[in-house]
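Everything below concerns the one structure shown next.
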Amino acid sequence: MPPFRIRPKVNINASLAVPGDKSITHRSVILSALAEGPSVVDGYLDGDDCRRSIEAFRACGIEIKKEKDKLYIKGCGSQGLEAPKAPVDAGNSGTTIRLLSGVFSGRDFTVKIFGDESLSKRPMKRVIEPLTQMGAEITAANGQYPPLTIKGSSQLRVIDYRMPVASAQVKSAILLAGLQAKGITSVSEPGASRDHTERMLEYLGAKVRVEGNTVSVEGGVKLKAKDISVPGDFSSAAFFIVAGLLAKNSVISIENVGVNTRRTGLVDALREMGANIELKGNKLVCNEPVGTVVAKSSALKGISLDPELVPKLIDEIPLLVLAATQASGITVITGASELRVKESDRIKAISTELKKMGANITEQPDGFIIEGPTRLKGAEVESYNDHRIAMTMAVAGLCADGETLINNPECVDISFPNFWELISGL
Ligand code: S3P
């Protein structure tokens with residue numbers, strides 16, 4: 001795809017919907033495949049990451065049909081997966097490789113999972129360690145990077161595991177393995193990461209217990225296939241929330257968005273900065289809170305971000321940095337070193353690219369110091385083939401002087417395939 005060109009916009013008055021939640025789509029595919037019987041997943045995300053999870057289960061013999069925005073999945077029950085005939089390609093998807101490692105750990109077969117250049121550099125020890133303690137045999141490049149070769153076992157042991165970093169992917173991998181072990185598996189994390197796995201497990205009839213940041217699951221309980229409706233992805237809505245705040249004289253409303261409080265830390269942080277954001281019509285759909293988000297142009301001020309919020313806005317930190325460049329005063333973000341091991345080193349990527357537009361940002365090992373407000377100037381910027389960097393730079397272009405050119409913009413297909421159309425249409 002050629003570079004995407006974007007010019008500043010003001011007076012935006014838009015109401016829109018964003019594609020299905022990426023995390024919830026992965027979990028819908030995985031848990032529906034493992035449940036007994038057929039189910040329909042409505043509003044799923046047809047992005048590259050989720051297609052990797054779909055293809056992986058097809059390779060295990062699960063019938064998954066796509067029709068418009070629905071998936072028709074024939075669940076195989078707890079013992080039904082076949083060994084894939086070829087190595088599984090997780091592409092760019094950390095969620096696919098980590099969650100499937102948990103699933104495959106409980107099967108009596110060996111499977112290899114690999115990924116693209118970015119995924120091949122992402123740390124896997126965090127799943128290898130607990131899954132090995134449970135009885136899986138896992139080998140990895142240099143003991144820690146993909147490809148992973150997993151020799152599973154139907155005789156997994158339960159564990160009571162304390163995770164060193166808050167990570168929904170690691171927590172979910174352990175819970176998915178625990179579902180196949182005999183007895184109760186518990187996992188505790190140092191912060192409150194997204195809880196979509198535990199919510200969906202509960203929705204499908206698993207025995208799950210949550211106490212603070214500890215989740216336990218009972219093994220051997222059958223999941224009942226049930227239809228799932230996937231809400232819009234808050235992380236995708238976030239680009240338009242920040243666009244609405246930063247563009248002059250604007251209102252942007254996004255309907256049918258997941259507003260799980262483990263995901264909406266960005267709203268908490270932006271409100272503390274003075275943002276006018278409303279969350280309306282909150283209801284529970286398939287055990288997930290869903291509502292409408294309305295963002296209006298706001299004058300922002302700098303804050304010191306509470307590090308406890310970090311897991312609740314981990315994917316939105318590049319956007320928060322952009323918002324901070326437009327806020328008066330200093331914003332300090334700490335406790336975010338996990339950003340260095342995402343699809344790109346997001347601390348380096350977003351600092352480098354926003355500085356090309358004139359922002360005043362000092363990179364820290366685990367975060368940023370940002371001094372604002374700075375009038376951004378249009379520039380030619382890079383995406384690092386990282387969807388969230390590409391989209392954050394597009395929002396920066398919306399509130400900069402002149403034209404911004406984003407190279408390698410096609411990576412948005414990972415989580416938000418129609419992003420360029422939507423942002424052009426504002
Ligand atoms: C995800 C968890 C987070 C997040 C990622 C999706 C998930 O990763 O950054 O985009 O679906 O569980 P970590 O578990 O590495 O924090």
Note to self: So, in region 274-298, exactly how many residues are closer than 22 Å to Leu246 by Cβ, outside any loop (DSSP other than H, G, I, E, B) and among the aliphatic types (A, V, I, L, M)?
What the structure shows: 5
Checklist line | region 341-366 - residue that is touching a residue at least 12 places away in the same chain (Cβ under 8 Å) and in a strand (DSSP E or B) and, of those, surrounded by the most Cβ atoms within 10 Å (Cβ to Cβ) | finding: Ile361
Check: Residues in region 121-128: is at least one more than 24 Å from the chain's Cα centre (by Cα), at pLDDT 95 or above and under 25 Å from Asp49 (Cβ atoms)?
Finding: no
Item checked: Output for region 159-211, where each listed residue is within 12 Å of the ligand (Cβ to nearest atom), out of contact with any Cys (no Cβ under 8 Å at 6 or more places or on another chain), assigned to a helix (DSSP H, G or I) and hydrophobic (A, V, I, L, M, F, W, C) -> Ala168, Val170, Ala173, Ile174, Leu175, Leu176
Next item on the list: Those residues that are within 16 Å of the ligand (Cβ to nearest atom) and among the β-branched types (Val, Ile, Thr), I need them from region 218-254; list them, please.
Entry: Ile228, Val230
Checklist line | All positions within region 31-48 that are crowded, with 24+ Cβ neighbours inside 10 Å, within 14 Å of the ligand (Cβ to nearest atom) and either among the acidic types (Asp, Glu) or farther than 21 Å from Asn418 by Cβ (or both) | finding: Leu31
Note to self: So, in region 367-400, exactly how many residues are among the charged types (D, E, K, R), more than 26 Å from Asp233 (Cα to Cα) and not in a strand (DSSP E or B)?
What the structure shows: 1
Notebook entry, point to check: What are the residues in region 299-325 that are of a type in the set (A, V, I, L, M, F, W, C), assigned to a helix (DSSP H, G or I) and away from the ligand (no atom under 16 Å from the Cβ), if any?
Noted result: Leu322, Ala323, Ala324
Check: So how many residues does region 61-93 have that are closer than 27 Å to Pro19 by Cα and modelled with pLDDT of 95 or more?
Finding: 18
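State which residue is farthest from the chain's Cα centre (by Cα) when the search covers only region 234-260 and only residues that are polar (S, T, N, Q) and outside any strand (DSSP E or B).
It comes out as Asn249.
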Check: Applying the selection to region 1-29, what residues are part of a strand (DSSP E or B) and of a type in the set (D, E, K, R)?
Finding: Arg5
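The values are calculated or read from the model by the stated rules, or taken from the named source; none is laboratory data. As the structure is a computational prediction, the values presented were derived from the model and not from experiment. Cβ: placed from backbone, ideal geometry, glycine included. Neighbour counts: every protein chain shown.
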